[in-house]
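Below is one structure, written out as structure tokens, with a few remarks after it.
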Amino acid sequence: MYPPTEPFETGRLKVSDIHELYYEISGKKDGNPVVFLHGGPGGGTDITDRGFFNPDKYKIILFDQRGAGKSTPSACLEENTTWDLVKDIEKLRELLKIEKWHVFGGSWGSTLSLAYAQSHPDRVKSLVLRGIFTLRKRWIFICIIFADLGLTRCSSELKFFYQDGASHLFPEAWDEYIAPIPEAERQDMVLAYHAQLNSVDEETRIKAAKAWAKWEMWTSKLYVDPAHVAHADDDKFANAFARIENHYFVNEGFMRDGQLLESQEIDKIRHIPTIVVQGRYDVVCPATTAYALKKAWPEITLHIVPDAGHSSREPGISKLLATDSFADI
């Protein structure tokens, strides 16, 4: 990754009567514009996110999505949907008087990148995506067959991570994740957490938020990073991250099941040069979803990193993301 440079411009964009977004611009003032779409949803940006882009070539635009990071009000769920965020990206592009830009996003950022590109294909020069996530329920991708019992257990994207799948790989972290939820309510963890994350009692909300966030921090890297896990202890970060993520997941991403992979949607962006970087051992957004995108859209370049999990900070992933592949487009 490139050493992050300091922004030469920061600002705030009012996108509704409720929400105001923080944005910053660094790199080359007249460089090739690229917008970074952070994960979560609710994760916010970090100064190191600037380091994915060559500051001598790119005009680097980072912003915090509704309710996340430095945007206000923090953790607000009102007027906070996928399509609100798509509109916000367009408002930011128009504010900055950019005709077309490169779009870069990982995890939830890949979801939002696809949704934005399919809504505004004429504004996207290229896509660089990492850890593909599409919130599918109907399409089954993990099937464990118990031949002796004649049973098959299957999971969708969300169910695999939040209900039955990753739990088998990180059992000690799973125990901490389920601890705030009464045993009788654990048949639907996302819904059970929804109740606690929206409790009128602040202590209940924060305790649930930290447990939710810690589960993702635990499972994001091939080798568990204690510093990454400790990030979940930050009340403000955990509250925004957990509440907004859960809000989107309970509402199924505010889109049709499998919408982003539908042929008529892919056809809108088929012409856009696209690179996908995917960790082989990503349990947050398993590689099967990136592979499904490749099958629906053979024109993309798919890199599966053999020694990586989900995090963009893993060496094999960051090396592929921090390229100048589209700098001259």
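Here, each number is a calculation from the coordinates, and none is a lab measurement. Note that the structure is a prediction, hence the values are computed from the model and not measured. Counting neighbours? That spans all protein chains shown, and the Cβs are built from the backbone with ideal geometry, glycine included.
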Where the Cα atoms of the stretch 142-252 are projected onto their three principal axes, how long is each span, largest first, in whole Å? 47, 31, 24
Given the C-alpha centroids of the stretch 194-250 and the stretch 276-311, what is the distance between them in whole angstrom? 25
Any chance you could run the full-extension gain for ARG280 through ASP324? It's 0.36 nm times the residue separation minus the Cα-Cα distance, nm to one decimal. 13.5 nm
Lys/Arg Cβ at +1, Asp/Glu Cβ at -1, dipole of the stretch 142-252 taken about the Cα centre: which of HIS247, TYR193, VAL229 is farthest positive-ward? HIS247
Could you work out, for the chain, what percent of all Cα-Cα pairs fall into each 20 Å distance bin, beginning at 0 Å and stopping at the bin that holds the largest distance? 32, 60, 7, 0
Straight-line reach from LYS91: which aspartates and glutamates fall under 18 Å, measuring Cα to Cα and dropping same-chain residues less than 8 apart? GLU9, ASP17, GLU20, GLU24, ASP64, GLU79, GLU99, ASP122
Can you tell me the length gained on complete extension of the stretch LYS29 to HIS271, counting 0.36 nm per residue apart and subtracting the Cα distance? 84.3 nm
In nm, to one decimal, how far is the modelled label at VAL190 from the one at HIS168, with both set 7 Å along Cα→Cβ? 2.0
With each pseudo-label sitting 7 Å past Cα toward Cβ, what's the MET1-ALA179 distance in nm, one decimal? 2.9
For a label point 7 Å along the Cα-to-beta-carbon line of GLU99, residues of the stretch 29-58 with backbone N under 19 Å: 29-35, 58
How high is the relative contact order of the chain, in percent, with contacts defined as C-alpha pairs under 8 Å that are six or more residues apart? 19
Given the Cα-Cα distance of ARG12 and ARG256 and 0.36 nm per residue of separation, how much length would full extension add, in nm? 84.7 nm
Longest the chain segment clear of chymotrypsin sites (Phe, Trp or Tyr not before Pro) sitting in DSSP loops (not H, G, I, E or B) with at most 15 other Cβ atoms within 10 Å runs 9-138
Taking the Cα centre as origin and putting +1 on Lys and Arg beta-carbons and -1 on Asp and Glu beta-carbons, what dipole magnitude results for the chain, to the nearest 20 debye? 940
At 222 nm, what helix-only mean residue ellipticity would the chain give, in deg cm²/dmol to the nearest 500, using -39500 (n - 2.57) for each DSSP H run of four or more? -10000 deg cm²/dmol
Step through the table entries LYS70/LYS236; LYS29/LYS125; LYS59/LYS236; LYS57/LYS319, compare each Cα-Cα distance with 20 Å, and write down the pairs that go over it. LYS59/LYS236
